[in-house]
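The values are calculated or read from the model by the stated rules, or taken from the named source; none is laboratory data. This one's a predicted model, so the numbers in the text were calculated from it and none came from an experiment. Heads up, the Cβs are rebuilt from the backbone with ideal geometry, glycines too, and the neighbour counts pull from every protein chain shown.
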């Protein structure tokens, strides 16, 4: 078992909790400088809903260049769509795909402390709704169950992902008051997720920040994409970079997120796959 407790190791991020301030770029959280101008990038329509499973090592549908760049950013933390502030917040070192193993049923355990985010939205209901898309996004490779517990701060066991509203996330091992995600891995390369623990402070975090950290980072193993380069905060659950704000991101996996995930999980690649392997599978641009 390999545990990631903080940021100073230089190995991986300890995640997010998006805010509208704190523009530092030190892997402590999403930088959120003011958006420069009103420009928004256009992009092709994501792949359709009908992608089928393919043989290992390839995808069953030809991907357009934008989708390939999106896959590279959101699953590998590299390429032209990564946040311009450099804060990819990848679960592992950029250039490698991190995920629970195929076939995992992730037991999601929500603390009794969760009620409403700082925006007044019911956190538990939002998380439960977002979890329903995981099986579809991964083509059944990862499924979830969800339950609540009477524990204030449930510590995950292998195969679990937990979430809590903590009065002081720093006491739980987070580098910042707004919170983080703490991971454990089964391999020394930090690519095979064993468990994830989301520790955020609800009074300063909107409910969608829990979805971003628990579903996006904690279960799907996704990195941030630059919100301006993909068309705005509302285009991805993983919107990051300058001008990124919780409360403006989707409440669950977006069409872009779903298309990217289906392509990756249809390829037959396993956690730990490199960019070169993504290229061979037709998932990223040369």
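Structural remarks
- Here 243, 218 are screened, and the one residue that is touching a residue at least 24 places away in the same chain (Cβ under 8 Å), touching a strand residue (DSSP E or B) at 6+ places or on another chain (Cβ under 7 Å) and more than 11 Å from residue 70 (Cβ to Cβ) is 218.
- Lone qualifier among 269, 279 - being more than 25 Å from residue 116 (Cβ to Cβ) and in a helix (DSSP H, G or I): 279
- Within the stretch 126-139, if we keep just the residues that are more than 13 Å from residue 105 (Cβ to Cβ) and either part of a loop (DSSP other than H, G, I, E, B) or without any contact (Cβ under 8 Å) to a residue 12 or more places away in the chain (or both), the residue that is nearest to the chain's Cα centre (by Cα) turns out to be 133.
- Restricting the stretch 140-168 to residues that are more than 11 Å from residue 106 (Cα to Cα) and crowded, with 24+ Cβ neighbours inside 10 Å, the residue that is farthest from the chain's Cα centre (by Cα): 165
- Number of the exception - residue 246 against (1) modelled with pLDDT of 95 or more; (2) outside any helix (DSSP H, G or I); (3) surrounded by 23 or more Cβ atoms within 10 Å (Cβ to Cβ): (1)
- Among residues of the stretch 145-161 that are on the phi > 0 side of the Ramachandran plot and at pLDDT 95 or above, those with a Cβ under 9 angstrom from a residue that is outside any strand (DSSP E or B) and surrounded by 14 or more Cβ atoms within 10 Å (Cβ to Cβ), sequence gap 6+ or separate chain, pair up as 159/100.
- Exactly one residue out of 180, 223 is crowded, with 23+ Cβ neighbours inside 10 Å and part of a loop (DSSP other than H, G, I, E, B): that is 223.
- Count of the stretch 76-97 residues, restricted to those that are in contact with a helix residue (DSSP H, G or I) (Cβ under 6 Å, 6 or more places away or on another chain) and either part of a helix (DSSP H, G or I) or over 30 Å from residue 148 (Cα atoms) (or both), is 7.
- Among the residues of the stretch 98-112, those identified as in contact (Cβ under 8 Å) with a residue 40 or more places away in the chain, surrounded by fewer than 17 Cβ atoms within 10 Å (Cβ to Cβ) and in a loop (DSSP other than H, G, I, E, B) are 101, 102, 112.
- Residue that is nearest to residue 65 (Cα to Cα) [pool: residues in the stretch 252-263 that are surrounded by fewer than 24 Cβ atoms within 10 Å (Cβ to Cβ) and within 13 Å of the chain's Cα centre (by Cα)]: 258
- Residue match in the stretch 271-278 (condition: crowded, with 20+ Cβ neighbours inside 10 Å and out of contact with any strand residue (DSSP E or B) (no Cβ under 6 Å at 6 or more places or on another chain)): yes
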